[in-house]
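Colleague: I'd like to ask some things about the structure below.
The values are calculated or read from the model by the stated rules, or taken from the named source; none is laboratory data. Note that the coordinates shown come from a computational prediction; the quantities given were computed from them, not determined experimentally. Please note: Cβ atoms are built from the backbone with ideal geometry, for glycine as well, and neighbour counts cover all protein chains shown. Accessible surface is based on the protein model in full, side chains and every heavy atom, while ligands, DNA and RNA are left aside. Shrake-Rupley method; radii C 1.70, N 1.55, O 1.52, S 1.80 Å.
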Amino acid sequence: GAVGFASFSMFRVKATDRVIFYNYAPELLLSAVILRLRGNSALLDIEDAPSKKLGGLWEGASFLGYVAMRLLARKRYLTVSHELARNYSLTRSCVVYGAVLPGAVMRARTPDDSLEYRVLYGGSLSADNGLDLFCNAVEVLLDEISQADRITLVVTGFGGEEKIERLASLVGGRTTALRIERHFNCSVDDYERIMCQCDAALSLRMPVST
C-alpha cells in the first residue's frame, strides 16, 4: 500500500536509481512526493489515459491523481501510444508497445470443441492501437459470419468506450452468432482472469505507430 511504497522510496531507493511509476494510482502519491524532495523524481509510465468525463467519485479521484503525479514526476514520459501522448500533450514521451504477463496461459481446447471461440482485444483503445480497424473488421464479419458460428470478442482496456458500445449494439441487433463482451477499467487480476478465458488475442498496432 501507500505506506509500503513510501517506506521503500525513503529507505531503499538510492540517489542514482531510476524509478518508473506504472500509471498514477493514489497510493503512489506519497512516494512521488518523497522522491521529489530527495531530488530523484520518477518517470511516469502512462498506460491508461484518465477519463476526461468526471462522471463519478472514482473518475474524479483518478483524474486528480493523474494531475498530481504529472506535477511530481519528471517531464519525460513512457506511454502506450502516440495518440495518448498527443491527447494529453505529453510532448517528451517514448511510446512502448507490448507487455508480457509471466505465467498466464490462454485456455486449451481440442479441435472439435463446441465452445464459443473467444478473442481478446484490449489495452489503450485508440486509433493507432487499431480501434478503428477493429470496428471496421467487425462490421465486415457481420456480413460474412454463419449463424452456426459462436464467436465472442472480448474487449478490455481504457478509451474508446463509446465506439465499442455502439459496435456492441450494432452486433446485438444483427446476429446471435457474434457478440461483444466488454470489460472496461478492470484490475490486473481481472485482466489476467479474462485473458486466461480466451483462445486468442489481437495485436492491431497501426504502421503509423512505429
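Colleague: Find the residue count for segment 25-64, including only residues that are at pLDDT below 85, among the small types (Gly, Ala, Ser) and more than 17 Å from the chain's Cα centre (by Cα).
Modeller: Total meeting the criteria: 4.
Colleague: Something else: Before we move on, is Gly103 over 17 Å from Gly157 (Cβ atoms), open to solvent by 30 Å² or more (accessible area, probe 1.4 Å), modelled with pLDDT under 85 and out of contact with any strand residue (DSSP E or B) (no Cβ under 6 Å at 6 or more places or on another chain)? Talk me through it step by step, then tell me what you get.
Modeller: Details: over 17 Å from Gly157 (Cβ atoms): yes; open to solvent by 30 Å² or more (accessible area, probe 1.4 Å): yes; modelled with pLDDT under 85: yes; out of contact with any strand residue (DSSP E or B) (no Cβ under 6 Å at 6 or more places or on another chain): yes.
Taking the combined requirement at face value, the residue satisfies it.
Colleague: Of everything in segment 73-97 that's loosely packed, with under 14 Cβ neighbours inside 10 Å and among the β-branched types (Val, Ile, Thr), which residue is modelled with the lowest pLDDT?
Modeller: Val96
Colleague: If you don't mind, there's one more thing I want to ask. Report, by residue number, each residue of segment 25-37 that is touching a residue at least 24 places away in the same chain (Cβ under 8 Å) and open to solvent by 20 Å² or more (accessible area, probe 1.4 Å).
Modeller: Of segment 25-37, the ones touching a residue at least 24 places away in the same chain (Cβ under 8 Å) are 25-36.
Of everything in segment 25-37, those that are touching a residue at least 24 places away in the same chain (Cβ under 8 Å) and open to solvent by 20 Å² or more (accessible area, probe 1.4 Å) turn out to be Ala25, Pro26, Glu27, Leu29, Leu30, Val33, Ile34, Arg36.
Colleague: Additional query: Looking only at helices (runs of 4 or more DSSP H) that fall completely inside segment 116-210, which ones have 1 or more residues that are among the hydrophobic types (A, V, I, L, M, F, W, C), open to solvent by 70 Å² or more (accessible area, probe 1.4 Å) and at negative phi?
Modeller: Numbers: elements: 131-144, 161-174, 188-196.
So the answer is 131-144, 188-196.
Colleague: I need every pair where a residue in segment 59-71 that is assigned to a helix (DSSP H, G or I) has its Cβ under 8 Å from the Cβ of a residue that is among the small types (Gly, Ala, Ser), sequence separation at least 6 or different chains.
Modeller: Once the first residue is assigned to a helix (DSSP H, G or I) and sits in segment 59-71, its partners that are among the small types (Gly, Ala, Ser) give Glu59/Ser51; Ser62/Ser51; Phe63/Ser51; Gly65/Ala25; Ala68/Ala32; Met69/Ala32.
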